[in-house]
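Here is the structure we will look at, set down as structure tokens.
The values are calculated or read from the model by the stated rules, or taken from the named source; none is laboratory data. Note that the structure is a prediction, hence the values are computed from the model and not measured. Cβ sites come from the backbone with ideal geometry, for glycine too, and all protein chains shown count toward neighbours.
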Amino acid sequence: MDNCIFCKIARGEINSWKVYEDEHTFAFLDISPATEYHTLVIPKAHYVNVLDIPAEVFAKVMQTVKKVVNLYQEKLGLENLQIIHNAGQEGQQDVFHLHIHIVPRYKNDGQSVTLTRQPNWQDKFSDMMKKLN
Ligand code: AMP
Ligand code: ZN
């Protein structure tokens with residue numbers, strides 16, 4: 001895609017802090033990190049998010065996620081992290097080229113990813129399951 005910032009990063013047309021690259025994927029530091037070494041992993045080909053990417057390309061992206069996590073474990077002693085994928089506007093996606101966030105977590109890093117839970121919704125589950133049949 002001509003006007004996609006992450007396509008440009010994958011092609012090397014825009015500078016980035018590259019952590020890892022192979023034929024199909026690219027990993028680089030998030031320019032506005034939540035924590036130290038907050039990293040994005042993308043496919044080099046343009047897909048919007050998990051809804052349109054073919055499973056085999058998504059698998060390659062996740063293999064790279066695993067490589068980067070292992071690298072940080074080995075080099076930084078990383079023991080805590082969150083892996084986040086935002087999909088769609090209501091899913092808080094801002095850049096519409098698929099990316100997986102690797103967010104290292106540190107004691108007292110001041111961050112939190114919080115979802116409000118509804119334990120009382122279990123009485124809806126039986127109706128919800130009917131839609132999946
Ligand atoms: P999301 O809200 O999941 O779409 O996340 C988009 C992420 O891309 C944000 O965390 C941004 O900080 C990050 N970002 C945007 N532009 C760049 C860039 N040029 N280089 C690195 N990260 C970027
Ligand atoms: Zn793109």
Considering the stretch 78-90 alone, what residues qualify as being under 25 Å from Glu36 (Cβ atoms) and free of Cβ contacts under 8 Å to residues at least 40 places away in the same chain?
Glu79, Asn80, Leu81, Gln82, Ile83, Ile84, His85, Asn86
State all residues of the stretch 99-133 that are aliphatic (A, V, I, L, M) and without any contact (Cβ under 8 Å) to a residue 60 or more places away in the chain; if no residue qualifies, say none.
Val113, Leu115, Met128, Met129, Leu132
For the stretch 35-43, indicate whether the set of residues that are within 20 Å of Ser112 (Cβ to Cβ), surrounded by fewer than 16 Cβ atoms within 10 Å (Cβ to Cβ) and touching a Pro at 6+ places or on another chain (Cβ under 7 Å) is non-empty.
yes
Any residue in the stretch 22-48 that's within 15 Å of Gln111 (Cα to Cα) and among the polar types (S, T, N, Q): show its pairings with residues that are more than 12 Å from ligand 2 (Cβ to nearest atom) and in a loop (DSSP other than H, G, I, E, B) at Cβ separation under 8 Å, as long as the two are six or more apart or on different chains.
Thr35/Arg105; Thr35/Tyr106; Thr35/Asp109; Thr35/Gln111
Consider the stretch 13-53. How many of its residues are under 17 Å from Asn86 (Cα atoms), in a loop (DSSP other than H, G, I, E, B) and either out of contact with any Cys (no Cβ under 9 Å at 6 or more places or on another chain) or more than 16 Å from ligand 2 (Cβ to nearest atom) (or both)?
13
I'd like the full set of residues that are closer than 25 Å to Ile84 by Cβ and surrounded by fewer than 10 Cβ atoms within 10 Å (Cβ to Cβ), limited to the stretch 110-127.
Gly110, Ser112, Thr114, Leu115, Thr116, Arg117, Gln118, Pro119, Trp121
Kindly indicate which of Lys60, Lys8, Lys75, Lys67 is of a type in the set (Lys, Arg), within 12 Å of ligand 1 (Cβ to nearest atom), without any contact (Cβ under 8 Å) to a residue 60 or more places away in the chain and not in a loop (DSSP other than H, G, I, E, B).
Lys8
Across the stretch 81-133, the tally of residues that are part of a helix (DSSP H, G or I) and hydrophobic (A, V, I, L, M, F, W, C) stands at 4
Taking the criterion of being away from ligand 1 (no atom under 12 Å from the Cβ), at pLDDT below 95 and surrounded by 12 or more Cβ atoms within 10 Å (Cβ to Cβ), would at least one residue in the stretch 13-29 satisfy it?
no
